[in-house]
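The values are calculated or read from the model by the stated rules, or taken from the named source; none is laboratory data. Being a predicted model, the structure only gives us computed values, none of them experimental. Cβ coordinates were reconstructed from backbone atoms using ideal geometry, including for glycine residues, and neighbour counts include every protein chain displayed.
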Amino acid sequence: MIDLHTLRENPKEIFELLERRGVSRDSLEDLVQADRQVRSLFSKRDALRAKINDLSKEVGKAYRDKNSELAQAHIDASKSAGVELELLSQQALEAEHKRNALWMVIPNIPDPKAPIGSSEQENLVVRYWHPENGYSTVLPEVEYSGYKKVAHWDIGIELDILDFARAAKLSGSMFPMFKGSGARMLRALTSFALDQHTDEFLEIRPPSFVRRETMISTGHLPKFADDAYQIEADDLWAIPTAEVPLTSMARDEILEDGDLPIKMTAATPCYRREAGSAGRDTRGLLRLHEFDKVELMVYAKPDHYRETFDEILRRAEDILQKLGLYYRVLDLCTGDLGASARRTFDLEVFAPGVERWLEVSSVSWFGDYQARRANIRYRNAIDQQIYHVHTLNGSALAWPRVFAAILENFRDYDGSVEIPKVLVPYMGGLDRILPISGGVAKD
């Protein structure tokens with residue numbers, strides 16, 4: 001949640017920043033008004049409580065003075081105030097509930113440095129990286145042979161490592177099935193990535209189903225309930241990303257200054273209903289209801305967020321570089337930011353078979369937005385005051401589109417697919433997947 005104190009102190013600045021991401025001024029004014037009403041009612045409630053306490057003291061004083069008539073008058077006044085207090089307390093709680101409902105759906109305040117725009121078309125390309133040319137700020141000229149311009153879903157069938165038909169028979173559309181060397185390569189990607197991160201990040205294997213308050217902490221509820229899978233009988237939710245349980249690891253806790261930053265990594269399945277996809281990008285591995293991902297998550301002190309952000313981004317890029325995949329880095333505009341994020345950089349790999357850039361990682365800084373929802377704080381060692389931590393996370397990486405890009409980029413003229421060298425040790429020495437029937441290689 002955004003900091004209401006900041007909103008009260010700098011409403012004009014906050015209004016302007018949130019308008020950049022499409023938040024209406026009316027919704028913000030409704031929140032300001034609701035907050036003002038809550039504070040007014042609680043102030044009146046507290047004043048009435050103080051009055052009742054004073055009346056109680058006056059009752060005792062009157063009895064000591066043997067003035068029973070005055071004592072009874074104070075008792076009657078106290079009872080009347082008590083009835084009023086009960087009503088006022090109920091009004092205050094109802095007003096607080098109304099304010100919180102408005103507060104919970106207001107997205108995070110974007111970083112003033114985030115590009116201003118209304119949609120993904122206005123995201124800013126920061127840089128490109130190609131295995132042959134390294135970094136570039138302009139789009140490299142890359143030529144692809146015809147045999148690389150085959151979609152990964154066709155390659156997967158040729159190699160007998162993807163079986164979408166049987167997956168659909170078991171679970172419906174947009175669920176994948178990896179087979180044989182494909183299943184092993186998926187496992188290899190996960191093991192390779194975890195080995196790259198566990199030098200500094202604590203490996204966690206969290207539950208795949210979490211409570212409602214865990215989803216609320218990251219901002220996935222209530223706003224994105226339609227995109228989540230729920231077990232209604234237990235009010236448990238399938239995690240859409242390991243960010244959800246990792247963020248709540250320290251929910252309602254006060255951490256010590258010296259323990260920060262706390263760095264975690266997790267490999268988990270992720271579940272997303274993709275309710276709004278409406279047939280868009282639903283072929284192959286481009287958009288799935290279930291997929292595997294390695295996540296990086298950090299609790300950081302507010303003044304250390306930038307170096308942490310850069311480290312997560314560097315680690316995600318390093319994985320792509322070691323895999324030998326051509327990618328670009330995007331600075332997301334205000335209209336394309338996730339609701340909880342202040343700033344996000346995306347990594348997209350190029351897949352020549354589908355001739356598209358595919359998002360494989362989002363690295364985000366959330367400020368104290370999630371920490372306020374989850375009540376994650378730390379004690380500053382210098383002034384001993386309690387502050388909210390900043391949370392950051394990034395995928396390193398999400399595997400389906402990486403898998404697709406490997407098939408399309410590493411396909412050879414004979415239809416076989418070369419295994420990226422860094423994965424060969426995790427594949428038991430296998431360095432190439434051969435087609436089951438000679439393939440359909442194109443010149």
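Computed values, structure above
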read-out	value
Residue identified as assigned to a helix (DSSP H, G or I), at pLDDT 95 or above and over 27 Å from Ile14 (Cβ atoms) among Arg328, Arg306, Arg315	Arg315
Strands (runs of 3 or more DSSP E) within segment 331-443 that include 1 or more residues at pLDDT 95 or above and touching a His at 6+ places or on another chain (Cβ under 6 Å)	377-379
Residues satisfying the stated conditions in segment 93-129, i.e. acidic (Asp, Glu), surrounded by fewer than 18 Cβ atoms within 10 Å (Cβ to Cβ) and more than 20 Å from the chain's Cα centre (by Cα)	Glu94, Glu122
Set Arg377, Arg432, Arg411: member being buried (at least 24 other Cβ atoms within 10 Å of the Cβ) and either basic (Lys, Arg) or outside the structural domain of Ile157 (by TED's automatic domain parsing) (or both)	Arg411
Boolean, Gln72 is among the polar types (S, T, N, Q), assigned to a helix (DSSP H, G or I) and closer than 12 Å to Ala95 by Cβ	no
Residues (β-branched (Val, Ile, Thr), closer than 20 Å to Thr247 by Cβ and in contact with a helix residue (DSSP H, G or I) (Cβ under 7 Å, 6 or more places away or on another chain)) located in segment 322-366	Val363
Test: Ala62 is assigned to a helix (DSSP H, G or I) and either more than 50 Å from the chain's Cα centre (by Cα) or among the hydroxyl-bearing types (Ser, Thr, Tyr) (or both)	yes
Single residue of Thr282, Thr241 found to be part of a loop (DSSP other than H, G, I, E, B), of a type in the set (Ser, Thr, Tyr) and under 19 Å from the mean Cα position of the chain (by Cα)	Thr241
Which listed residue is surrounded by fewer than 22 Cβ atoms within 10 Å (Cβ to Cβ), without any contact (Cβ under 8 Å) to a residue 12 or more places away in the chain and either closer than 25 Å to Ala374 by Cβ or not assigned by TED's automatic domain parsing to the domain that holds Pro206 (or both), from Asp303, Asp281	Asp303
Candidates Met264, Met249 - the one that is surrounded by fewer than 19 Cβ atoms within 10 Å (Cβ to Cβ), under 15 Å from the mean Cα position of the chain (by Cα) and either of a type in the set (A, V, I, L, M, F, W, C) or outside any helix (DSSP H, G or I) (or both)	Met249
So Lys12, is it among the basic types (Lys, Arg) and in a loop (DSSP other than H, G, I, E, B)	no
Filter pass, Ala233 being farther than 30 Å from Leu139 by Cβ and assigned to a strand (DSSP E or B)	no
Single residue of Asp235, Asp227, Asp257 found to be touching a helix residue (DSSP H, G or I) at 6+ places or on another chain (Cβ under 8 Å) and of a type in the set (Asp, Glu)	Asp235
Residue that is surrounded by the fewest Cβ atoms within 10 Å (Cβ to Cβ), among those in segment 143-155 that are out of contact with any Pro (no Cβ under 7 Å at 6 or more places or on another chain) and over 30 Å from Gly338 (Cβ atoms)	Glu143
Residue match in segment 268-282 (condition: within 16 Å of Glu359 (Cβ to Cβ) and modelled with pLDDT of 95 or more)	yes
Segment 310-337 residues that are of a type in the set (Gly, Ala, Ser), paired with ones that are in a strand (DSSP E or B) (beta carbon under 8 Å, 6 or more apart)	Ala316/Leu296; Ala316/Leu347; Ala316/Ser361; Ala316/Val363; Ala316/Gly394; Ala316/Ser395; Ala316/Ala396; Ala316/Leu397
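Rundown of residues vs (1) under 20 Å from His130 (Cα atoms); (2) touching a Ser or Thr at 6+ places or on another chain (Cβ under 6 Å), yes/no style:
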{"residue": "Asp318", "(1), (2)": "yes, no"}
{"residue": "Val329", "(1), (2)": "yes, no"}
{"residue": "Asp336", "(1), (2)": "no, no"}
{"residue": "Asp346", "(1), (2)": "yes, yes"}
{"residue": "Val349", "(1), (2)": "yes, no"}
{"residue": "Ser362", "(1), (2)": "yes, yes"}
{"residue": "Tyr387", "(1), (2)": "no, no"}
{"residue": "Leu397", "(1), (2)": "yes, yes"}
{"residue": "Lys421", "(1), (2)": "yes, no"}
